[in-house]
Structures are given as structure tokens and as C-alpha cells.
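Step one of this worksheet: look at the structure below.
Here, each number is a calculation from the coordinates, and none is a lab measurement. This one's a predicted model, so the numbers in the text were calculated from it and none came from an experiment. Reconstructed Cβ throughout: ideal geometry from the backbone, glycine too, with neighbour counts over all protein chains shown.
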């Protein structure tokens, strides 16, 4: 489509409009660039400058909140809460902001607000292993064990790497190994093995006792890496050599 401008005034108007649009776009680009620059400094003053340059950026407000919350020398949970709430007013679907807000509320002793924020995080990101993990730990701290176990189990079903940590935390609160195995750890050999690798000798024995016959419970626990396990040429475990090594370590006082 070709516009035919019949007068100098019309041409001037088009040029003026174009100039204004270019100026607005340039200013917006400059604001974005300056905000990104200051946020990239990874300092509180940088985050404060970032939100001044770009007050509509929810991520900048979130980062500012974290700088107030996790400052080891000058933390201010209330300022962190204010920054998180500003971030969420701009982007209410940020699970990370809801989780950090929940943690800040809990640190201030506002447990109902913390619980609500954790639940909001789960609503906006139902499949998040992090959201269910952190909410489960919150419930664990409130001694709401059945609900806590269910949340942690859901988290492990998505991200099993925390199995050993989950077992340890739940065991400190409730030393009922059978309950933890039934309600927390999904029934998976890789999860069981990952858990056992991180436990001390007493915990390993308790773990096995809850799942196996009494004659299978080890009297001694010796740790070794996968690379240290002796193998035959076929790749199978050299059981005799492994047994001899275990016996030597036990005799030398290497049992845990």
C-alpha cells in the first residue's frame, strides 16, 4: 500500500510520528539494557538500581528480595517479603517467587502466610519437585508427618536424587524406619541404593532390617566406590576377592 502525501504538513506529521516512535523504542531499549547491567552485578545495590530502571521487571524484584533474605550480615526478611510481593504482583505464576516468599514468611513466624505461599507455588507448578520438596519439609517442621511424608514422596518420584537426604531428615523426626520406607521412599531399587550409599552403618543396618530377613542384615558395613569393586574379566563382581578384602578390613578395624 502506497500513501500519497499531498502536502508538506502531512509529510512532516509522518516524520514526526516516526521520530517519536523511534525515541520511545530507543528509550525502552536503554532502560532494559541498564536494568540488565545492574542486575548482572549480583549485588543488592545493583538490584536496587535495576528495579529503578525497570520497575516492571518481576525477576529484578525477585532477585532484590533474595538479596535481602539471604544476606548473612544484614538480612531483612520484611524487605524481602515486600520485594517478593512486588514481583508476584507483576508475575503471579512464578513458583520460585512463591517459594522464597513462603520461606521469608516462615522465618518471620507467620506460618499461615507461609503455608499459603507454599500452596500457591504448588498450584502454579503442580509437577515441580522443588515445590513439593520444600512444602514437605515445611510440614515436617510443623510435625505434620503423614502430609509431610506424602509431599516428600511425590518430590522423590520426580527427582530421586534427594532420596538419601529425605530418609535422613524424616528419620531424625520419626525413627520408624518401616514407616519411612512405606510412606516416603518410592519402591525403587535405584532409590534404595542411593539412600544406602549415604547412610552411616547403624542406619544401613536399620534400613536393611526393615526390608529383609534378619539373617540378611549385615553385621559390618564397609564402604567402597563402584570403581573399587573387584571384577572378573566378564565384568561380574569377583565375589571371593571382595569377601577376602572385606575380611581384611574388618580384621584391621575398618568396619563402620
Classify region 44-184: rounded, prolate or oblate, from the alpha-carbon gyration tensor (a ≥ b ≥ c, eigenvalue square roots; a/c under 1.5 rounded; otherwise prolate if a/b is larger than b/c)? prolate
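Please find the FRET efficiency linking residue 237 to residue 209, where r is the Cβ-Cβ separation and R0 is fixed at 25 Å, and quote it to the nearest 0.05. Each step should come with its number before you reach the end.
Values: r = 24 Å, r/R0 = 0.94.
The value I calculate is 0.60.
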Within region 122-148, list the residues whose amide N lies under 11 Å from a label point set 7 Å along Cα→Cβ of residue 165. 130, 133-134
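Would you mind calculating the relative contact order of region 139-197 from Cα pairs under 8 angstrom and at least 6 residues apart, reporting the percent as a whole number? Before the final figure, lay out each step's value.
On the way: 50 pairs, mean separation 23.2, N = 59.
Relative contact order, region 139-197: 39 percent.
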Neighbour-count order for 222, 250, fewest beta carbons within 10 angstrom listed first: 250, 222
Using just the C-alpha positions of region 172-251 as equal point scatterers, what log10 of I(q)/I(0) does the Debye formula give at each q in 0.19 1/Å? -0.97
Descending packing, highest mean Cβ count within 10 Å first, for 144-150, 180-186 is 180-186, 144-150
When all C-alpha to C-alpha distances in region 139-198 are sorted into bins of 10 Å, what percent of pairs does each bin hold, rounded to whole numbers? 25, 62, 13, 0
For region 123-256, the Cα-Cα pair-distance distribution in 10 Å bins from 0, as whole percents, is 11, 35, 29, 17, 7, 1
Taking alpha-carbon centroids only, region 56-114 lies from region 184-256 a number of Å equal to 44 Å
